[in-house]
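Shown next, in structure tokens, is the structure this report addresses.
Just so it is clear, none of the values below were taken in a lab; they were calculated from the coordinates. Computed from a predicted model, the values in this text were never measured in an experiment. A quick note on method: Cβ atoms are made from the backbone with ideal geometry, for glycine too, and the neighbour counts reach across all protein chains shown.
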Amino acid sequence: MRLHGTQLVNEQGHLEIGGCDTVELAQKYGTPLYIMDEAHIRDICRQYHRSFVEGMENTEVIYASKAFSTLAMCRIIDEEGLGLDVVSGGEFILLFRRISQLHESTFMVIINLVKNWPWLSMPE
């Protein structure tokens, strides 16, 4: 088994992610249970940033919010200096709620695949 980020197999033979025993987490919260390794996600963001932004002029790394767009993920993407793309109204509303808490340098790329965007005129 190939382990990534903070994953390891502990003395009990259980998978740990971020120092948390996944068997204990499943017992406490039930299954299915999605566990994200924040340290690993941040490391990948930094690798993309180093590979593209630091090596090329006028380049930004944009995270596809459709992949996984929780408020916590938006915070990580923001803190690591990446931008966010938006395709649907639901994504826009989720990110709009978060935008007031983001850094001034944060940006969204709106990919306009629909003809009517009433969300763009939402009050703050």
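Here are the numbers for this structure:
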{"quantity": "Gyration tensor verdict on the range 9-70 (Cα atoms; rounded if a/c is under 1.5, prolate if a/b is larger than b/c, oblate otherwise)", "calculated": "oblate"}
{"quantity": "Separation of alpha-carbon centers, the range 60-84 and the range 7-48, rounded to whole Å", "calculated": "20"}
{"quantity": "Proximal charge balance of residue 40 [Cβ under 13 Å; K/R count +1, D/E count -1]", "calculated": "-2"}
{"quantity": "Residue-count net charge about residue 20 - beta-carbon cut-off 12 Å; Lys, Arg +1, Asp, Glu -1", "calculated": "-4"}
{"quantity": "Mean Cα-pair separation over length for the range 2-53, i.e. relative contact order, pairs under 8 Å, 6 or more apart, %", "calculated": "29"}
